[in-house]
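Report on the following structure.
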Amino acid sequence: MNAQRKFPLGQLLIEKNIITQEQLEVALEKQRETGELLGIVLLELGYVDEEMVFLPILAGQYGVDYINIKEMDIPREAIDKIPAQFASHYKVMPIDFSNDTLVLATSKPLDVHMLDEISLVVNSKINPVLGSEKDVMEAIRKYYGVGAATIEQMMGTVGTSTLTDDVKDIEEIESEASISNFLNQIFLEAYRDRATDIHIEPFEKSLQVRYRVDGVLYDAKVPQNIVHFKDSITSRIKILSNLNIAEKRKPQDGRFKIRVGDVEISLRVSFLPTPYGESVVLRILNSTRLFSFKELGLNEREQTLLEGLIKRPHGIIFLTGPTGSGKTTTLYSCLSSLNTEENKIITIEDPIEYQLKGITQIQINPAVGLTFAEGLRSMLRHDPDIMMVGEVRDLETADIAIQVALTGHLIFSTLHTNDAASGVTRLIDMGVAPYLITSTIECFIAQRLVRVVCSKCKEPSKITKEMIKDFEDFISEGEEMIIYQGPGCEHCNFTGYVGREPIYEFLPMNEEIRNLIMKNVTVSEIKEAAMRNGMTTLREAGWEKVKSGATNPQEVMRVTQEEGS
């Protein structure tokens with residue numbers, strides 16, 4: 001028997017300076033009230049950290065082994081011994097099965113009643129070992145899949161819970177098995193993982209669920225038998241979004257809201273028909289979060305430039321970049337900073353992603369003839385000072401926006417182009433006359449989002465020529481630098497990155513640029529002229545993020561691959 005058991009647990013922890021005498025007395029008092037084991041009480045009170053130090057000591061006191069589940073590769077044979085329902089209910093994780101003995105990780109290895117009930121199910125000997133409750137629950141999600149217990153229960157039941165259109169707090173869901181509760185588990189995990197999108201994709205014999213985190217898709221690890229409920233899942237989402245359940249041949253778009261604790265989340269939903277069912281993408285929008293210019297990641301020069309641009313009395317400011325590059329967030333930050341009693345601001349969007357108090361927002365509806373162009377015409381009758389057009393997609397919208405700017409209004413909008421200079425050729429390709437571009441547009445701003453290296457596991461990396469070959473133009477001879485990488489840890493879900501920051505390329509109009517546009521020159525000539533005038537390219541802006549330690553060269557190259565240099 002372990003020598004640690006010669007001493008009471010409390011005394012041992014005091015001797016090792018893990019807790020104080022006062023904390024022990026508080027814990028003992030609570031233990032008398034609850035009847036829980038002292039180790040559990042100390043954990044609940046937050047007096048001890050369960051990782052590394054305390055749990056091995058506690059295991060010695062219990063007379064069992066301590067297992068670090070995170071470092072294990074659990075065999076399928078062990079997992080199959082216990083259904084997901086039991087694993088989730090009892091908070092246990094099978095980690096090995098051999099010689100007719102199941103090794104079971106749990107935070108309560110001395111709970112004889114629980115162990116007896118499980119042994120009846122598995123019909124074999126049980127060897128309990130001590131593991132962190134957090135690690136046990138994470139292992140259940142990893143090896144069984146998100147919502148596996150709910151799916152197992154539904155395999156033997158019919159029917160769903162009462163449906164409601166109200167905003168629901170998904171952290172207070174009940175334990176009954178239903179499609180509603182399964183989806184709530186998906187939504188809650190996606191939110192906690194900082195996902196921006198949830199992809200639910202049907203295939204011939206499977207249903208795939210993926211989360212987009214920091215711009216990259218990851219498998220959500222759902223149980224395989226979820227495929228039996230794919231129609232029920234899409235129907236439930238349609239009910240929440242007030243869409244037509246019977247229509248499965250046409251695309252549909254909608255939205256609904258949920259609540260996670262004190263945060264209300266709006267989900268934008270899009271359905272697409274496929275040969276094996278409807279594919280669903282849910283965009284997660286935190287409707288309470290707006291960013292200041294400083295929070296956007298602008299450096300001092302960029303912030304000064306943008307603040308000067310949005311104070312112009314008239315003209316057009318275009319943000320360019322692909323879908324998901326953060327254009328809308330930047331636009332909303334600009335509008336938020338201009339949102340005063342003196343300014344009348346109207347937007348026309350598709351869709352309205354954030355509700356902005358004090359700003360009149362219009363959702364386009366092509367089915368009834370409300371397009372960007374038509375909405376822009378009508379907006380003028382409401383005497384606005386500032387307008388935002390979600391996107392300029394065609395010549396009609398571009399022409400009206402230019403006419404509005406010529407009459408003394410400030411307009412914000414977006415274009416889908418690779419860089420700032422390409423915005424000029426995109427408008428000319430639409431049919432906009434070069435002289436109208438030079439007389440109305442104040443600036444093109446290209447934007448990308450780069451992932452930030454995880455602060456918990458970031459470490460200096462060996463710098464190779466291959467790593468920095470695409471950034472040689474920005475490196476001074478003899479310049480010393482440190483490049484960081486994230487090998488991956490629990491905090492970043494072993495991706496090496498947590499969060500994203502934008503990089504910008506500002507192309508403000510000046511006399512030289514306007515003259516070049518009038519001559520109908522190429523994009524590269526406009527870009528070269530802008531760089532001579534001090535423009536920082538997206539790749540150069542990314543390199544500045546590398547030098548600051550925020551990101552690394554691989555990530556900058558990932559989001560700026562279309563640049564030639």
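The values are calculated or read from the model by the stated rules, or taken from the named source; none is laboratory data. Since this is a predicted model, take the numbers as computed values, not measurements. Quick reminder, even Gly has a Cβ in these numbers, built from the backbone with ideal geometry, and neighbours come from all protein chains shown. Protein only, heavy atoms only, side chains kept; ligands, DNA and RNA dropped before computing areas. Shrake-Rupley method; radii C 1.70, N 1.55, O 1.52, S 1.80 Å.
Among the numbered criteria (1) assigned to a loop (DSSP other than H, G, I, E, B); (2) without any contact (Cβ under 8 Å) to a residue 40 or more places away in the chain; (3) open to solvent by 80 Å² or more (accessible area, probe 1.4 Å), which single criterion is violated by residue 531?
Here residue 531 meets the rest and fails (1).
Taking the condition of being in a loop (DSSP other than H, G, I, E, B) and surrounded by 15 or more Cβ atoms within 10 Å (Cβ to Cβ), how many residues in the range 195-224 meet it?
The qualifying residues number 6.
Looking only at the range 236-263, which residues are touching a helix residue (DSSP H, G or I) at 6+ places or on another chain (Cβ under 9 Å) and without any contact (Cβ under 8 Å) to a residue 12 or more places away in the chain?
Those that are touching a helix residue (DSSP H, G or I) at 6+ places or on another chain (Cβ under 9 Å) and without any contact (Cβ under 8 Å) to a residue 12 or more places away in the chain: 244, 245, 247.
Given the options 197, 214, 169, name the one that is out of contact with any helix residue (DSSP H, G or I) (no Cβ under 9 Å at 6 or more places or on another chain) and at pLDDT 85 or above.
Every option except 214 fails the conditions.
Within the range 535-560, which residues are in a loop (DSSP other than H, G, I, E, B) and closer than 18 Å to residue 445 by Cα?
535, 536, 537, 560, listed by residue number.
Mind checking which residues of the range 456-515 are hydroxyl-bearing (Ser, Thr, Tyr) and under 26 Å from the mean Cα position of the chain (by Cα)?
Answer for the range 456-515, where residues must be hydroxyl-bearing (Ser, Thr, Tyr) and under 26 Å from the mean Cα position of the chain (by Cα): 484, 495, 497, 504.
If you go through the range 360-377, how many residues are touching a Phe, Trp or Tyr at 6+ places or on another chain (Cβ under 7 Å) and at pLDDT 90 or above?
Adding up the residues that qualify gives 0.
Looking at the range 412-423, is at least one residue of a type in the set (Ser, Thr, Tyr) and in contact with a His (Cβ under 9 Å, 6 or more places away or on another chain)?
No: zero hits.
Say we look at the range 502-520 and pick out the residues that are touching a residue at least 12 places away in the same chain (Cβ under 8 Å) and part of a loop (DSSP other than H, G, I, E, B); which of these is surrounded by the most Cβ atoms within 10 Å (Cβ to Cβ)?
Within the range 502-520, the match that is surrounded by the most Cβ atoms within 10 Å (Cβ to Cβ) is 509.
Checking residue 265 against (1) open to solvent by less than 20 Å² (accessible area, probe 1.4 Å); (2) part of a loop (DSSP other than H, G, I, E, B): exactly one of these is not met. Which one?
Every listed condition holds for residue 265 apart from (2).
Going through the range 287-327 one residue at a time, which ones are at negative phi, outside any loop (DSSP other than H, G, I, E, B) and touching a strand residue (DSSP E or B) at 6+ places or on another chain (Cβ under 6 Å)?
If the condition is that a residue be at negative phi, outside any loop (DSSP other than H, G, I, E, B) and touching a strand residue (DSSP E or B) at 6+ places or on another chain (Cβ under 6 Å), then 302, 305, 309, 316, 317, 318, 319, 320, 327 are the ones that fit.
Could you grab the pairs with beta carbons closer than 9 Å, sequence gap of 6+ or different chains, first residue in the range 489-501 and under 19 Å from residue 545 (Cα atoms) and touching a residue at least 12 places away in the same chain (Cβ under 8 Å), second one outside any loop (DSSP other than H, G, I, E, B) and open to solvent by 60 Å² or more (accessible area, probe 1.4 Å)?
495/218
Among the candidates 257, 238, which residue alone is basic (Lys, Arg), buried (at least 17 other Cβ atoms within 10 Å of the Cβ) and closer than 30 Å to residue 328 by Cα?
Within the list 257, 238, the selection yields 238.
In the range 471-495, which residues are of a type in the set (A, V, I, L, M, F, W, C) and part of a loop (DSSP other than H, G, I, E, B)?
Matches in the range 471-495: 475, 481, 482, 489, 492, 494.
Quick test of your reading of the structure: residue 345 fulfils all but one of (1) surrounded by 20 or more Cβ atoms within 10 Å (Cβ to Cβ); (2) within 25 Å of residue 417 (Cα to Cα); (3) at pLDDT 90 or above. Name the failing condition by number.
Status for residue 345: all satisfied but (2).
Exactly one condition in (1) in a strand (DSSP E or B); (2) crowded, with 21+ Cβ neighbours inside 10 Å is false for residue 330; which is it?
Among (1) in a strand (DSSP E or B); (2) crowded, with 21+ Cβ neighbours inside 10 Å, residue 330 violates only (1).
I'd like to check which strands (runs of 3 or more DSSP E) are fully inside the range 357-470 and have at least 1 residues that are open to solvent by 20 Å² or more (accessible area, probe 1.4 Å) and either of a type in the set (Phe, Trp, Tyr) or farther than 30 Å from residue 482 by Cα (or both).
Per the criteria, 360-363, 441-453.
Got a sec? Which of 293, 318, 271 is in contact with an Asp or Glu (Cβ under 6 Å, 6 or more places away or on another chain) and either open to solvent by less than 50 Å² (accessible area, probe 1.4 Å) or small (Gly, Ala, Ser) (or both)?
Only one candidate passes the filter, namely 271.
Restricting to the range 241-254, give me the number of residues that are more than 23 Å from the chain's Cα centre (by Cα), of a type in the set (D, E, K, R) and open to solvent by 50 Å² or more (accessible area, probe 1.4 Å).
Matching residues across the range 241-254 total 3.
Could you list, in sequence order, all residues of the range 307-351 that are within 28 Å of the chain's Cα centre (by Cα) and of a type in the set (S, T, N, Q)?
If the condition is that a residue be within 28 Å of the chain's Cα centre (by Cα) and of a type in the set (S, T, N, Q), then 320, 323, 325, 328, 329, 330, 333, 336, 337, 339, 347 are the ones that fit.
Taking the condition surrounded by 17 or more Cβ atoms within 10 Å (Cβ to Cβ) and either farther than 24 Å from residue 503 by Cβ or of a type outside the set (Asp, Glu) (or both), does residue 337 pass?
So residue 337 fails the test.
Cβ contacts < 9 Å: first residue closer than 12 Å to residue 214 by Cα, restricted to the range 186-198; second residue part of a helix (DSSP H, G or I) and open to solvent by 10 Å² or more (accessible area, probe 1.4 Å), any location; separation 6+ or different chain. Result?
Close Cβ pairs (under 9 Å, with a partner that is part of a helix (DSSP H, G or I) and open to solvent by 10 Å² or more (accessible area, probe 1.4 Å)) amount to 195/189.
Quick check: anything in the range 359-369 among the hydroxyl-bearing types (Ser, Thr, Tyr) and more than 23 Å from residue 447 (Cα to Cα)?
There is at least one residue in the range 359-369 that is among the hydroxyl-bearing types (Ser, Thr, Tyr) and more than 23 Å from residue 447 (Cα to Cα).
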